[in-house]
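Take a look at the structure set out below.
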Amino acid sequence: MRTLAFTLALLATPVTAETISEEIARTGLGPTEARLAALTSPTNEDLFALAGLRFLGGIEQALQLRWQTGVKADWSELPILRLPIPENPNAIPFHAADFTALIRNLDADMEASREALAKLGDKPFALPIRIADLWFDINANGTREPGEGLADVTGMALGGGRMLGVQVQDPVITFDTADAAWLSAYTHFLSGFASTALAYDPEPAIQRVLDSSKAIYALWGDTPPNNAMDMMFGRQVDRAAMVLQALSNTPDKALAQDAYGHFLSMIQENRRFWALVALETDNTGEWVPNDKQVSGLGLTMPPGTGDRWQAVLADAEKLLKGEVLIPHWRFGAEAGINLKKAFDNPPPVDLITWIQGEGLLPYAEKGPQMSGQAWRDFEDFVQGDAMLFAVFLN
C-alpha cells in the first residue's frame, strides 16, 4: 500500500516543463529551431527564440563549414571567419565555392531570422536564456564538446574581460522587446556584409590564389625553405591577394544597393532599440542596459553610452546618405567623396588611382566633410574599448 501511495503521489505531481534554454542545452540550436518552426501557434517568446536560433544557426553553419575545410581563425578582416574554433585534424581541402556557399547561407539565415521578428513585431515578451546553455555544434556530431560553447567561440569575456565590471557567475539574460530590435539590427549588418562580399564576385579570385599557392608549394620539393617568411606571412599575403583581386572586379549594382539598404536598416533598427531600452523600468538580466539598469553579463556600461553610440550611428547615416563627405587627402578642405554615389554606381577598387585621387573623381563633390568627432568622443568615453563596444552594441 505504501508503494502504491508513493506511485500515485508521483503521478499526481506536475512535471516541470523544459525551458527553451534547457532544450537548447540538451539538443542544440538546429533541433530546437526545427521544433519552434513547426509550431502552429507560437507564443511571443517562441517567435523571438526562433529568430535568435536562426541568427545563431547562421553562425553555426559557417563555423561548421570552416571546421570541415580547416579554415583558421586568422581571417581577422571578416566577421565570423575570425572566431576561434577547435582544430579539425582531418579537414578536407577548402575551395572557393565554399566561401560563396558560406556567405549565401549566412544571408539566408539572417533573412529567416527577420521573418520571425516581423511576425513578433513589438509585442511584449520575456525569454530567460542561460548563456552557458548556448553552444555551436561545430563538428556537426550532435554532441556538445569542449570549445563549442558560446563563450568559447564568441568571447563573451569581451576582450579578455576588459569591459567586465563585475564577474557574473552563470549569467541568465531575460531577452525582451527591445532586444528584438537589437537582433534585427545585427541581422541587417551581417546581410549587408554578405551582399557587399557577393557584389564583388570573390569566388574566381579565391580559386586563383588557391591554385597559385598550390603551384608555389609544389616548387619547394623536399628542401625546406631557408627562412621563415612563408610561415610568418604566406597566409596573410594570400588573403590580401584574394581580397584585392576580388575588389578589382566591377561590383554588381543590385547587390551593392541591397547592401546599402541593409546598412541603413541596421541604423534604423539600432535607433529603435535604444528608444525601447529607454522606456524600460525593470532591471532583470539585461542584455544591453539603459542608464538605470545593470548588465546581466556584468559589463561596465558608463551612463550615456546609448547617446554616445547613437551619435556615432547618426554620423554613419549621414555618410551613407551623402549628407557629409569622406575626406580625401588630395581633395582639399571643401570637398570629399559621396558614399551614396559610390553605392549607386559602385566602382572596382584600384588602390593606385584611389590613393592618387583619379579613381574617386566620379564620386567627389564639394560639401561638408565628416569630422569623425562623434567616434573620437565615443573612444574617449569608453576609455579605449571603442571597437569592443561597437561589436557588442552594433
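The values are calculated or read from the model by the stated rules, or taken from the named source; none is laboratory data. Bear in mind that the values here come from a model prediction, so they are computed numbers and not experimental data. Because the Cβ atoms are built from the backbone with ideal geometry, glycine has one as well, and the counts that use them run over all protein chains shown.
Got at least one residue in the range 79-93 being farther than 23 Å from residue 155 by Cα, in contact with a helix residue (DSSP H, G or I) (Cβ under 9 Å, 6 or more places away or on another chain), free of Cβ contacts under 8 Å to residues at least 60 places away in the same chain and assigned to a helix (DSSP H, G or I)?
No: the range 79-93 contains no residue that is farther than 23 Å from residue 155 by Cα, in contact with a helix residue (DSSP H, G or I) (Cβ under 9 Å, 6 or more places away or on another chain), free of Cβ contacts under 8 Å to residues at least 60 places away in the same chain and assigned to a helix (DSSP H, G or I).
With the condition kept exactly as written, say whether any residue in the range 316-326 is part of a strand (DSSP E or B), modelled with pLDDT of 95 or more and under 28 Å from the mean Cα position of the chain (by Cα). Talk me through it step by step, then tell me what you get.
Here is the first cut: in the range 316-326, the residues part of a strand (DSSP E or B) are 325-326.
Right, trim to modelled with pLDDT of 95 or more and you get 325-326.
Next cut, under 28 Å from the mean Cα position of the chain (by Cα) only: 325-326.
Looking through the range 316-326, at least one residue is part of a strand (DSSP E or B), modelled with pLDDT of 95 or more and under 28 Å from the mean Cα position of the chain (by Cα).
Condition test on residue 102, is it surrounded by 18 or more Cβ atoms within 10 Å (Cβ to Cβ), under 26 Å from residue 207 (Cα atoms) and at pLDDT 90 or above?
yes
Restricting to the range 200-229, name every residue that is among the aliphatic types (A, V, I, L, M) and loosely packed, with under 15 Cβ neighbours inside 10 Å.
Across the range 200-229, the qualifying residues are 215, 216, 218, 219, 228, 229.
When you go through (1) at pLDDT 85 or above; (2) surrounded by fewer than 18 Cβ atoms within 10 Å (Cβ to Cβ); (3) of a type in the set (Val, Ile, Thr); (4) over 30 Å from residue 236 (Cβ atoms) one by one for residue 129, which number turns out not to apply?
Residue 129 satisfies every listed condition except (2).
Is it the case that some residue within the range 284-293 is in contact with a Pro (Cβ under 6 Å, 6 or more places away or on another chain), in a loop (DSSP other than H, G, I, E, B), surrounded by fewer than 18 Cβ atoms within 10 Å (Cβ to Cβ) and not hydroxyl-bearing (Ser, Thr, Tyr)?
To start, the set of residues in the range 284-293 that are in contact with a Pro (Cβ under 6 Å, 6 or more places away or on another chain) comprises 291.
If we keep only those that are in a loop (DSSP other than H, G, I, E, B) as well, we get 291.
Remaining after also requiring surrounded by fewer than 18 Cβ atoms within 10 Å (Cβ to Cβ): 291.
Applying the additional criterion that residues be not hydroxyl-bearing (Ser, Thr, Tyr) yields 291.
Yes, the range 284-293 has at least one match.
For every residue, the table says whether it meets (1) within 26 Å of residue 257 (Cα to Cα); (2) assigned to a helix (DSSP H, G or I); (3) free of Cβ contacts under 8 Å to residues at least 24 places away in the same chain.
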| site | (1), (2), (3) |
| --- | --- |
| 302 | no, no, no |
| 354 | yes, yes, yes |
| 359 | yes, yes, yes |
| 383 | no, no, yes |
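More than 30 Å from residue 255 (Cβ to Cβ), aliphatic (A, V, I, L, M) and crowded, with 19+ Cβ neighbours inside 10 Å, is that true of residue 299?
yes
Would you tally the residues in the range 24-35 being on the phi < 0 side of the Ramachandran plot and within 23 Å of the chain's Cα centre (by Cα)?
The qualifying residues number 8.
Test residue 169 against the criterion of being out of contact with any Cys (no Cβ under 8 Å at 6 or more places or on another chain), within 26 Å of residue 302 (Cα to Cα), free of Cβ contacts under 8 Å to residues at least 60 places away in the same chain and not charged (D, E, K, R), and give yes or no.
Yes: the conditions hold for residue 169.
Keeping to the range 364-381, report how many residues are more than 29 Å from the chain's Cα centre (by Cα) and assigned to a helix (DSSP H, G or I).
Matching residues across the range 364-381 total 0.
Report yes if residue 238 is touching a residue at least 12 places away in the same chain (Cβ under 8 Å), more than 30 Å from residue 321 (Cβ to Cβ) and more than 23 Å from the chain's Cα centre (by Cα), otherwise no.
Answer is yes for this residue.
For the range 351-392, which positions are among the polar types (S, T, N, Q), surrounded by fewer than 16 Cβ atoms within 10 Å (Cβ to Cβ) and at pLDDT 95 or above?
Selection gives 353, 356.
State yes or no: is residue 211 without any contact (Cβ under 8 Å) to a residue 24 or more places away in the chain and in a helix (DSSP H, G or I)? Reasoning before the result, please.
Details: without any contact (Cβ under 8 Å) to a residue 24 or more places away in the chain: yes; in a helix (DSSP H, G or I): yes.
The answer is yes for residue 211.
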